[in-house]
Amino acid sequence: TTTPRTEEPPGALEDLLTVREFEARARRILDPVHYDYIAGGARDEVTVRANEAGFARLSLLPRVLGGTAERDSAVSILGTRASMPVLVSPTAFHRLVCAEGEIATGRAAARADTILIASMASTVAIREVAAAARAAATDRDPALWFQLYLQPDPQDTLALVRRAAAAGCTALVVTVDSPVLGVNERNVRNRFHDLPPGLACENLRNLRGDEPDTVRRIGMSPELNWDDVDRLRAHTKLPVLLKGVLHPEDARIAVDRGVDGLLLSNHGGRQLDTVPATIELLPEFAAVAGRKVPVLLDGGVRRGTDVVKALALGATAVGIGRPLVWGLAVAGEEGALRVLELLRAELDHTLALCGARGVKDLTPDLVRSAQAGA
Ligand code: FNR
């Protein structure tokens, strides 16, 4: 069975003032099995909670009388411009929550003028997502990156890279935290193991050795190592970022091997449970890698103040996972766009209250650990 859809009338969207209200509304609308798949995380969900709690534990310490009325939030990351440092992190299966699926996501990100990191596990092929984004971003190229897992057969990985490059993606994000998939016990209890009939991972169609029209299951090969990342980099001109490095020593190795950027992520608490909140690891990552490559962060970003804290502690930008999916679930493209615009407005307001002229003004002294002062 697919999702019972009761789309909200467009006017009602304005009543949703926060990301958390979007989640509450999505929860009422979605099939509970699908809600659990999205909201849930690995095992006891310790890390899912830690991500948000990590931001709450930090306080902001604003400057006054900065004397500026205009604030600049635009960023450029590895040659891709975004109007704000809030990107769309890769999340799978958007047609589970809205009929247009990733078409709606592509349009929303393009209209918000920010980067969409399209998931390999998309229910719409990357070529079609790119075409939709291009049509929505009339006066510029849409900002599109592609997330992938290295495949057991390197030829399949290269086929995915070719598909992404042909679609106009300008960077690759290789997720490395999933040698095996994390266990969301809500899915086990709900017996949610497969996409409903009619939905498939469209990017994985017709790979090498498959029968025509077969769609592979998602996964990364557990025997892969750093040399496989080097091999991928040798085969593409696109910048390569690693997503899911958590140990600072691995961050150092990645930078030494010439990786172009890091997306500090614990997969929204969906892989190994009890790893730290990403915001807690950020200062160390900024020290190890931040001067050499851009460090992005995702996990638990729900407010403009969260964005400012992450940027102050050294992130170039942050990504949102679940919030975007809640927007899609509530009202498709318009809902996803509204979530992005809420975060943009909150970010700008926070910058103003911090006395910052823009995101480049944000420095670590603006953030205090709430406990230290208490
Ligand atoms: C994800 N995430 C993810 N990551 C990835 O590299 N490839 C993927 O296909 C997916 N799929 C996916 C599905 C769903 C439903 C969720 C919630 C998450 C992880 C995602 O990119 C990101 O790291 C987290 O979602 C960030 O945490 P928040 O913003 O959800 O708290």
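Values for this structure:
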{"read-out": "DSSP bridge pairs, the chain: antiparallel proportion in percent, nearest 5", "value": "25"}
{"read-out": "Potential lengthening between E284 and T138 on full extension [0.36 nm per residue; Cα-Cα distance subtracted]", "value": "48.6 nm"}
{"read-out": "Summed side-chain charge close to T47 - residues other than T47 whose Cβ falls under 13 Å, Lys, Arg +1, Asp, Glu -1", "value": "-4"}
{"read-out": "Fully extended contour minus Cα-Cα distance, from E185 to E14, at 0.36 nm per residue", "value": "58.1 nm"}
{"read-out": "FRET efficiency for Q155 and L78, using Cβ-Cβ distance with R0 set to 25 Å, rounded to 0.05", "value": "0.45"}
{"read-out": "Zone of R127's modelled label, taken as backbone nitrogen in region 75-103 under 18 Å from a point 7 Å along Cα→Cβ", "value": "102-103"}
{"read-out": "Calculated over region 131-234: convex hull of Cα atoms, volume per residue (Å³)", "value": "147"}
{"read-out": "Per-peptide average of other Cβ atoms within 10 Å, ordering 320-326, 149-155 highest first", "value": "320-326, 149-155"}
{"read-out": "Computed label-point distance, nm, for sites R252 and T363 using a 7 Å Cα→Cβ extension", "value": "2.7"}
{"read-out": "Peptides 68-81, 123-136 ordered by average Cβ neighbours within 10 Å, highest first", "value": "123-136, 68-81"}
{"read-out": "Protection proxy ranking, peptides 87-94, 189-196, 279-286, average beta carbon neighbours within 10 Å, highest first", "value": "87-94, 279-286, 189-196"}
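Read-outs: derived from the displayed coordinates by stated rules, not from any lab. As the structure is a prediction and not an experimental result, all values here were calculated from the model. So basically every Cβ, Gly included, is an ideal-geometry build from the backbone, and we count neighbours across all protein chains shown.
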